[in-house]
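Single-structure report; data block below.
The values are calculated or read from the model by the stated rules, or taken from the named source; none is laboratory data. This is a predicted model, so every value here is computed, not measured. Heads up, the Cβs are rebuilt from the backbone with ideal geometry, glycines too, and the neighbour counts pull from every protein chain shown.
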Amino acid sequence: MYARKTGTAWEIFAPAKLNLYLDVLGRRADGFHELETVMAPVQLHDRLQWAPSDRGAETPFSLRFHPSSSSHAGELPLGRSNLVWQAADALAQDAGLAPHGVITLTKRIPTQAGLGGGSSDAAATLVLLNAAWGLDYSRSRLARLAAQLGSDVPFFLAGSTAICRGRGEIIEPLDDMPRYDVVVVAPPAGVPTAAAFAALGAPPVEHRREPSRSEQLTQLVADLKRGAVAAAGRRMKNGLQHIAETLCPAVRRIGTAFASIACCAHLLTGSGSAYFGVMHSARQARRAAALLRSLDLGSVFATATCR
Ligand code: C5P
C-alpha cells in the first residue's frame, strides 16, 4: 500500500480481502476470538484522496464521499465513527498535531461483507496521511497504530497474502504467492462482525495455542504457493459460514448458486455476508460472474487476488 502524489494532493488505493481459510480457535478473556486465518488482498479497491483545505492547516479535518461511490456508501457514517476519521485522529494524536485537510473516499467495496473495506480504508488513511502530513513514520510505527484501530488493519498495512493469528493482528506474510482468479458476490444485506462472533458461542481458549500451523493450513499454504488451485480449493474453509447462513439467508442461496457452476472452491469470506468462488482462469471467472449476475443475488465482481 503506497500513497502517490498528484500536485498538492495525495491518493491511495485500499484493496478488499478474502479469507481463504478461517479457523476460530476459541473465545478469549478480552472478548475477542483467537483466529488462524489466511487472508489475501483482492483487486477490488476503495480510493482515498487527500487534499489540503483551502484555508490551510488551521481548518479542521473533513471526510466526504466521492459521488461515484457505490450506492451502499450512503449508509456509512461520515463522522468520527468512520474508521478513516479514527485513523486520522490516532495518527494526529500520536504525532502531536491537529488533523487537517480533506479526504475524499470513493467507496466501491461492499460494507458488512467480510471484505475488510473499513479496515483497509483505515490502513490506507495511515499511509496516506503519513505522506501528506510529511511525518515519515516507519511501517512498524504505523503498525502499532493499526492494531489499535481494528483486528484486520495490520494485515492491510502489511499488504500481501498472509497467515494472520491472534485476533488477526499477528501477521506472517506469505511471499511469492501466485494470483488466483475469483468471483465475489455480496448480497444487499450485510452481517455485522460482532454479531457473527457472538452467535458462534465459541468455547473459551484455555491455553493460547502455540503458533503451530494445523496440518490442513500447512498443506493449503503449500498448494497455494505452487499454484495448485484445485488442491488448495479442497483445503479452504470458513468456521463462521454456518453462522452467517443463519444470520443472512442470502448466503445459503449464493452458496447453492456457486455449487451449480464449475469452480475449485466456494466459501464465505470473514463473517460474511460476501461469498466467493475460486476459479481456474480469468475467463472462467468472467463467465461465472455473468451467470451469477443474471440470478440477481447482489453485487458480483470477477477479480483476482493480489500477491
Ligand atoms: O477488531 P474489529 O473492530 O474489526 O472487530 C469487530 C468486532 O468483531 C469485535 O468487537 C469483536 O466483537 C469481533 N471480533 C472477535 N474476534 C476477532 C475479531 C473481531 O470477536 N478476532
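Can you tell me which residues in the range 136-154 are more than 20 Å from the chain's Cα centre (by Cα) and buried (at least 17 other Cβ atoms within 10 Å of the Cβ)?
Once the filter is applied, which keeps residues that are more than 20 Å from the chain's Cα centre (by Cα) and buried (at least 17 other Cβ atoms within 10 Å of the Cβ), the range 136-154 yields only Y137.
Only residues that are in a helix (DSSP H, G or I), within 21 Å of the chain's Cα centre (by Cα) and not β-branched (V, I, T): list them for the range 250-307, please.
Residues satisfying the conditions are A250, G255, A285, A289.
Within the range 237-251, count every residue that is free of Cβ contacts under 8 Å to residues at least 40 places away in the same chain and surrounded by 15 or more Cβ atoms within 10 Å (Cβ to Cβ).
The total comes to 2.
Here are L44, L83: which of them is crowded, with 19+ Cβ neighbours inside 10 Å, modelled with pLDDT of 95 or more and either of a type in the set (K, R) or over 30 Å from D176 (Cβ atoms) (or both)?
The conditions single out L83.
Would you tally the residues in the range 15-31 being of a type in the set (A, V, I, L, M) and either out of contact with any strand residue (DSSP E or B) (no Cβ under 6 Å at 6 or more places or on another chain) or away from the ligand (no atom under 11 Å from the Cβ) (or both)?
4
Do we find a residue being over 30 Å from S273 (Cβ atoms), more than 16 Å from the ligand (Cβ to nearest atom), part of a loop (DSSP other than H, G, I, E, B) and not hydrophobic (A, V, I, L, M, F, W, C) anywhere in the range 61-77?
No - not one qualifying residue is present in the range 61-77.
I'd like to check which strands (runs of 3 or more DSSP E) are fully inside the range 108-188 and have at least 2 residues that are over 30 Å from S53 (Cα atoms) and within 16 Å of the ligand (Cβ to nearest atom).
162-166, 170-173
If a residue has to be surrounded by 15 or more Cβ atoms within 10 Å (Cβ to Cβ) and part of a strand (DSSP E or B) to count, how many in the range 1-41 make the cut?
Total satisfying the criteria: 28.
Quick one: what pairs do we get from the range 129-150, first residue under 19 Å from G166 (Cβ atoms), second part of a loop (DSSP other than H, G, I, E, B), C-beta under 8 Å, 6+ apart or different chains?
A146/E169; A147/E169
Taking the range 219-249, which residues are among the aliphatic types (A, V, I, L, M) and not in a helix (DSSP H, G or I)?
A228, M236, L240
Over 17 Å from L240 (Cβ atoms) and either touching a helix residue (DSSP H, G or I) at 6+ places or on another chain (Cβ under 9 Å) or aromatic (F, W, Y) (or both), is that true of V191?
Spelling it out, it is not the case that V191 is over 17 Å from L240 (Cβ atoms) and either touching a helix residue (DSSP H, G or I) at 6+ places or on another chain (Cβ under 9 Å) or aromatic (F, W, Y) (or both).
Those residues that are among the acidic types (D, E) and closer than 17 Å to Q216 by Cα, I need them from the range 1-39; list them, please.
Of everything in the range 1-39, those that are among the acidic types (D, E) and closer than 17 Å to Q216 by Cα turn out to be D23, E36.
Would you mind stating whether T106 is under 20 Å from T305 (Cα atoms) and not acidic (D, E)?
So T106 fails the test.
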